[in-house]
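The structure appears below as structure tokens.
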Amino acid sequence: MTPPEPPLDVDALTERLDRQVVKERARPLGQDGPAAGAWFGVAFVLVLALVVGGFATVLFALVAQGSLGWLIASVACGVLTVAFCVWFVLVVVRDGRAAPEWRVRLAGFARANGLEYVATEPDPDRRGVIFARGDGRRRVDDVVRWPGGALEVGVYRYVVHGARGTETPWQWGYARFPVGGQAPDLLLDARANNTLSSGGALSDVADLRMSTALEAPGGERFTLWAWPRHADRARAAVDAELLALLARRPGGPIDLEVVDGVGYLYATHPLGTADPDTWRSVLAVARLLGARQNRPRQNRAQEGPA
């Protein structure tokens, strides 16, 4: 089943909302305050900035010994440290206030389009590669589901525990949709997303699957990973039309995985946004892959050997 064709009503995502209205509507959605681990992370960043900045400020002051240049450097370092801490706190507060408003908007968007909205779902059971990541506080947030499981869009959040009790939070925007059991398993990794801020490449360095370098019509580069038994069909399925849809979308290229007849789109930012073009791009990929698998079997056979 593919998502229906009628355009989405996105007014709820952009309408003006009074703060009191947001507060009242967010309460039944289960909007809680930041978790203790999140506050620990905020405190850790602030303490680290103050220690490093304070040490540099004192060091420059000691080195100055009457030198105007070093004295200016010491003052500048102290001012920058304080400015960073203030900016960081303001960003945390702003994001904390934006979260309930965004949940209210998504819930309204879901109601207007006959969809289901789930604020939080802990320990998600998904087959996609990103859902194997994380060793703490694994959950999906802001989930919007189409009737019959035609499409699901949400944000996967998790924590990676490091040395001395440190916690590193990560998040991936994702979309999930059925493509049919005849679709070959594959992983199409957009190289533009393989940054330190995203956790690196989706594929493992010891991945035993075959890799193929691909390039979208606009020049965006991808790496296709597929098991040998699916390699020919996977390469045939990832054509210029599909690559263009994955590359030319708001926010940059997006990754694609197909496993056990289910397709997943991955982005380093939420896919459920106030931008109608983002929703249209996700729906376009889901419809394209679903339509291809619904074609008569003899037509699919021309795309490559089984």
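The values are calculated or read from the model by the stated rules, or taken from the named source; none is laboratory data. Every value quoted in this text rests on a predicted model; they were computed, and no experiment measured them. When we count neighbours, we look across all protein chains shown, and the Cβ atoms used for this are built from the backbone with ideal geometry, even at glycine.
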ask   = Is there any pair with a first residue in region 100-122 that is within 16 Å of GLY149 (Cα to Cα) and a second that is modelled with pLDDT under 90 whose Cβ atoms are under 7 Å apart and which are 6 or more apart or on different chains, and what are they?
value = ASN113/LEU8; ASN113/ASP9; TYR117/LEU106; TYR117/ALA107
key: Search result, residues across region 194-220 that are under 22 Å from the mean Cα position of the chain (by Cα), more than 17 Å from ALA244 (Cβ to Cβ) and either modelled with pLDDT of 90 or more or surrounded by 10 or more Cβ atoms within 10 Å (Cβ to Cβ) (or both)   = ASN194, THR195, SER198, GLY199, GLY200, ALA201, LEU202, SER203, ASP204
ask   = Among all residue pairs at least 6 apart or on different chains, which show Cβ distances below 9 Å where the first residue, located in region 176-205, is farther than 24 Å from ARG229 by Cβ and in the same structural domain as PRO124 (by TED's automatic domain parsing) and the second is surrounded by fewer than 21 Cβ atoms within 10 Å (Cβ to Cβ) and at pLDDT below 70?
value = ASN194/GLY200
query = Based on what the data block shows, is ALA49 under 27 Å from THR166 (Cα atoms), modelled with pLDDT of 75 or more, outside the structural domain of VAL144 (by TED's automatic domain parsing) and surrounded by 14 or more Cβ atoms within 10 Å (Cβ to Cβ)?
reply = yes
ask   = strands (runs of 3 or more DSSP E) wholly in region 161-279 with at least 1 residues that are closer than 29 Å to PRO147 by Cβ - which ones?
value = 167-178, 186-190, 255-259, 262-267
message = Scan region 144-158 and tell me whether some residue there is surrounded by fewer than 20 Cβ atoms within 10 Å (Cβ to Cβ) and hydroxyl-bearing (Ser, Thr, Tyr).
response = no
key: Criterion (farther than 30 Å from ASP18 by Cα, modelled with pLDDT of 80 or more and not acidic (Asp, Glu)) met by exactly one of CYS77, CYS85   = CYS77
ask   = Among the candidates GLY66, GLY114, which residue alone is out of contact with any strand residue (DSSP E or B) (no Cβ under 8 Å at 6 or more places or on another chain) and modelled with pLDDT under 80?
value = GLY66
inquiry  = Pull out all pairs, ordered by first then second residue, where Cβ-Cβ is under 6 Å, the residues are six or more apart or on different chains, the first lies in region 268-288 and is over 20 Å from ALA183 (Cα atoms), and the second is of a type in the set (Lys, Arg) and assigned to a loop (DSSP other than H, G, I, E, B).
reply    = SER281/ARG249
note = LEU245 passes all but one of the listed conditions (1) closer than 27 Å to VAL118 by Cβ; (2) buried (at least 18 other Cβ atoms within 10 Å of the Cβ); (3) among the hydrophobic types (A, V, I, L, M, F, W, C); (4) touching a strand residue (DSSP E or B) at 6+ places or on another chain (Cβ under 9 Å); the exception is number (4)
message = Would you confirm, using the coordinates I've provided, whether ASP32 is at pLDDT 80 or above and either of a type in the set (Asp, Glu) or farther than 30 Å from ASP135 by Cβ (or both)?
response = no
